[in-house]
1. First check a/c for segment 239-296, with a ≥ b ≥ c the square roots of the eigenvalues of its C-alpha gyration tensor; if it is under 1.5, answer rounded, and if not, answer prolate when a/b is larger than b/c or oblate otherwise.
2. Restricting to Cα pairs below 8 Å that are 6+ residues apart, what does the relative contact order work out to for the chain? Please round to a whole percent.
3. Kindly work out what percent of the DSSP beta bridges joining two residues of the chain are antiparallel, to the nearest 5.
4. What is the order of 259, 15, 279, fewest Cβ neighbours within 10 Å to most?
5. Any chance you could get the radius of gyration and Dmax over the Cα atoms of segment 302-479, in Å?
6. Quick check: the angle from helix 327-339's long axis to the longest principal axis of the chain, C-alpha only, nearest 10 degrees?
7. If you find the alpha carbon centre of segment 169-227 and of segment 256-313, how far apart are they in angstrom?
8. For the chain, take the longest principal axis of its alpha carbons; what is the angle in degrees between that and the long axis of helix 88-99, to the nearest 10 within 0 to 90?
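Coordinate-derived values only; no laboratory data. Computed from a predicted model, the values in this text were never measured in an experiment. Because the Cβ atoms are built from the backbone with ideal geometry, glycine has one as well, and the counts that use them run over all protein chains shown.
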Ligand SMILES: Cc1cc2nc3c(=O)[nH]c(=O)nc-3n(C[C@H](O)[C@H](O)[C@H](O)COP(=O)(O)OP(=O)(O)OC[C@H]3O[C@@H](n4cnc5c(N)ncnc54)[C@H](O)[C@@H]3O)c2cc1C
């Protein structure tokens with residue numbers, strides 16, 4: 001440790017040491033490095049939650065463990081992570097004043113709140129805020145249409161990214177870091193990021209290993225054993241056929257660039273291309289948020305502002321609790337509660353059910369996901385909710401309403417996913433498990449199912465719900 005003026009390294013959604021351009025740039029100054037993380041719960045912007053909202057409960061659980069892992073990695077490199085809670089801009093400026101630092105290195109984020117914070121720091125800092133790219137594959141401004149505009153359709157966006165030939169080569173993790181003289185730090189344990197009572201996090205503990213090492217282990221395991229079958233398995237929620245890397249990517253414990261290059265070192269083929277295209281969906285959502293800061297709460301298609309949404313608190317609660325009486329929806333919502341994660345196909349089904357069959361505002365669904373997902377990400381969450389609602393960029397048309405029974409039969413044809421998450425239906429055969437209300441009485445009897453008692457009756461008639469949604473859409477479409 002040394003008392004020289006430090007270079008501040010401000011960690012945000014990039015809680016790792018490898019492929020960290022801001023860390024490398026800070027080290028290259030030749031000054032000792034002061035690594036800092038600020039927990040900002042106020043309107044100033046919680047970086048790790050995406051910008052201007054306090055993190056949800058599941059994200060806080062993850063953040064605690066991820067910071068503990070980062071603290072450990074930094075300690076092994078010979079330096080200490082400084083933790084501070086408060087308004088991010090004010091806190092970083094205070095630390096700069098206290099230590100005499102003139103250079104602050106950080107990962108540039110796409111969330112509007114975080115960008116606002118950056119402007120405030122840059123304006124008031126007696127020195128330079130160096131914003132580096134640590135979370136996305138490309139800088140959002142480097143992927144533009146031929147006319148110089150922003151992309152609003154995924155496929156040309158993805159093709160433009162692919163035409164760039166891939167992100168820069170990744171950077172190795174340093175073996176040691178010349179640490180600055182430590183300053184006062186909060187204790188992570190005092191931040192109370194973990195649930196007190198009731199302890200709802202046991203499913204999270206059993207499923208995830210937050211931190212850079214856990215991220216790398218999952219990535220290697222997926223690329224070695226999962227990638228080959230990805231194309232076939234990725235749409236089948238019972239199969240664990242996807243990488244489950246989304247929370248690690250959200251918290252930046254592994255970079256999208258690392259994954260891109262790791263995947264390219266594996267054998268070429270359609271599965272690998274498909275996986276890269278999924279990473280580009282993440283990139284597309286980040287790009288959308290960069291160009292449309294209103295994405296998290298305002299429909300990109302303005303006519304949707306006039307949609308006659310229903311105020312249905314019991315419906316929303318039944319959806320949140322996985323008690324709608326529609327098996328694939330309930331399975332997904334229970335998986336979400338237990339793991340803090342839900343399979344992508346099922347996210348689309350439950351979102352469509354909420355927005356269309358129940359006609360509840362997509363923002364209410366987005367908020368629930370924000371609180372319960374370990375991968376809750378301002379850009380990807382809002383981008384996908386708007387996509388399902390039909391009001392976003394390149395969105396599925398509103399009139400394409402998923403039939404949850406047909407979706408269940410197609411993507412969970414054996415019923416195993418429902419059987420796992422909705423055990424009260426586990427003795428139903430694949431033909432009836434996705435629509436128990438249509439099953440003959442003796443089939444229900446044999447399976448021990450009493451609708452309305454052991455499992456709810458559907459809270460909405462699917463055909464009537466669909467007709468109601470289409471009628472509402474016709475009204476806003478005609479007015480548009
Ligand atoms: C309503 C709704 C809300 C969503 N909210 C989020 C969210 O808050 N955070 C989040 O990371 N993803 C979100 N997604 C996208 C997607 O469901 C998850 O990224 C994916 O299920 C994560 O699982 P995985 O890592 O196994 O994905 P894989 O299939 O292994 O894909 C690899 C990576 O690509 C990215 N990716 C894949 N699909 C998408 C997509 N549709 N949009 C953006 N990125 C994608 C993710 O970073 C993912 O980790 C949402 C999707 C829907 C339909």
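1. prolate
2. This gives 17 percent for the chain.
3. Taking every DSSP beta bridge with both residues in the chain, the antiparallel ones total about 0 percent.
4. 279, 259, 15
5. Rg and Dmax of segment 302-479, Cα atoms, are 16.0, 52 Å.
6. Between helix and principal axis, roughly 30 degrees.
7. Distance between centres, Cα-based: 24 Å.
8. 20 degrees
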